[in-house]
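**Q** Questions regarding the structure given below will be posed in turn.
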Amino acid sequence: MTKPQESVFETTDQSTLLFTVSGQYAHFRRIDTTTTKQTYRIPPRTTISGMLAAILGLERDSYYELFAPGQSAIAIGVNGSLRTRTVPVLEVDTEADNSFESNADNTLIRPEESIGSRQRRLREYLVSPSYTVAVSLADHETYELLRTHLSEGTSVYTPALGTSECLVAIDFRGEVAVEKGAIETAESVVPDTIAAPTSQFDIERVPYQFEATQYGRKPTAYCSCIYRDDNTPITLTEDASGYFVDGRPMVFL
């Protein structure tokens, strides 16, 4: 059976867009928590897709097919340690209509009316995270448009590391060659199915694919991803294969 990323590279001349994303803070909301808003340590594949969709100017919930596993290949590398900080945040219920006053220019919150709807919650943030991302798309027109935005440092919407307040800095390293090969270790996030059981690593089960619904979206697939944040490559199983991206051994998700 052909792996999704192999079908993508058949249409992109064995090349990929390589860039680094970093910021002061990041928050990739865990969907399995409620009271305390915890964060994944690595950005899920769906988060990277949303970031790229913002750069391209695609509307919410309109890009899931474009970035589906059979139509795109995404590799994520962790650069350095991942530290977290828990911050108390005061939230206001945005559905409380009597708390807001709108006019043609802006929307104001009436403090005296919002007292009952305020809630203090804990939110976990990643501090100074940095990731290396490689992206290839089967859609040639979208691929070229994305390359133009990345090379010129432009975007239609403001991209972020998860939530909108976590602005992202993008360092485009260029369009680089991709060479498939048998690799013993990977300097990227990998699925748990190809990580050698004797190696040391961390694991997270993250959303892998979304599907648009009548009321928004829902996850249709998950991936148990292996990563390390100490710059040590992950040892793979003997039958694993991957790609050399600008000389760096990586596995596309």
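**Q** Checking residue 214 against (1) buried (at least 19 other Cβ atoms within 10 Å of the Cβ); (2) closer than 20 Å to residue 59 by Cβ, which single condition isn't satisfied?
**A** All conditions are met except number (1).
**Q** Let me ask another. What do you reckon, is residue 189 under 30 Å from residue 148 (Cα atoms), under 16 Å from the mean Cα position of the chain (by Cα), at pLDDT 90 or above and of a type in the set (A, V, I, L, M)?
**A** Yes.
**Q** With the condition kept exactly as written, say whether any residue in the stretch 48-57 is β-branched (Val, Ile, Thr), under 24 Å from residue 246 (Cα atoms) and more than 12 Å from the chain's Cα centre (by Cα).
**A** Yes - at least one qualifying residue is present in the stretch 48-57.
**Q** Take residue 43 and decide whether it is touching a residue at least 60 places away in the same chain (Cβ under 8 Å) and either more than 15 Å from residue 163 (Cα to Cα) or assigned to a strand (DSSP E or B) (or both).
**A** It is false that residue 43 is touching a residue at least 60 places away in the same chain (Cβ under 8 Å) and either more than 15 Å from residue 163 (Cα to Cα) or assigned to a strand (DSSP E or B) (or both).
**Q** How about the stretch 122-240: which strands (runs of 3 or more DSSP E) wholly inside it have at least 3 residues that are among the β-branched types (Val, Ile, Thr) and within 17 Å of residue 251 (Cβ to Cβ)?
**A** Output list reads 130-137.
**Q** Could you tell me whether any residue of the stretch 218-232 is over 21 Å from the mean Cα position of the chain (by Cα), surrounded by 15 or more Cβ atoms within 10 Å (Cβ to Cβ), among the β-branched types (Val, Ile, Thr) and modelled with pLDDT of 90 or more?
**A** no
**Q** Scan the stretch 189-211 and give yes if some residue there is in contact with a Phe, Trp or Tyr (Cβ under 8 Å, 6 or more places away or on another chain), in contact (Cβ under 8 Å) with a residue 24 or more places away in the chain and under 15 Å from residue 15 (Cα atoms), otherwise no.
**A** No, the conditions are met nowhere in the stretch 189-211.
**Q** Can you find even one residue in the stretch 224-237 that is farther than 20 Å from residue 38 by Cα and without any contact (Cβ under 8 Å) to a residue 40 or more places away in the chain?
**A** yes
**Q** On to the next question. Among strands (runs of 3 or more DSSP E) lying entirely in the stretch 49-116, which contain 3 or more residues that are under 30 Å from residue 250 (Cβ atoms) and either at pLDDT 65 or above or basic (Lys, Arg) (or both)?
**A** 72-78, 83-92
**Q** Just checking, how many residues over the stretch 1-38 are within 15 Å of residue 125 (Cβ to Cβ), among the hydroxyl-bearing types (Ser, Thr, Tyr) and at pLDDT 95 or above?
**A** Qualifying residue count for the region: 2.
The values are calculated or read from the model by the stated rules, or taken from the named source; none is laboratory data. Because the structure is a prediction, the values reported are computed rather than measured. Neighbour counts are summed over all protein chains in view; Cβ atoms, including those assigned to glycine, are modelled from backbone coordinates with ideal geometry.
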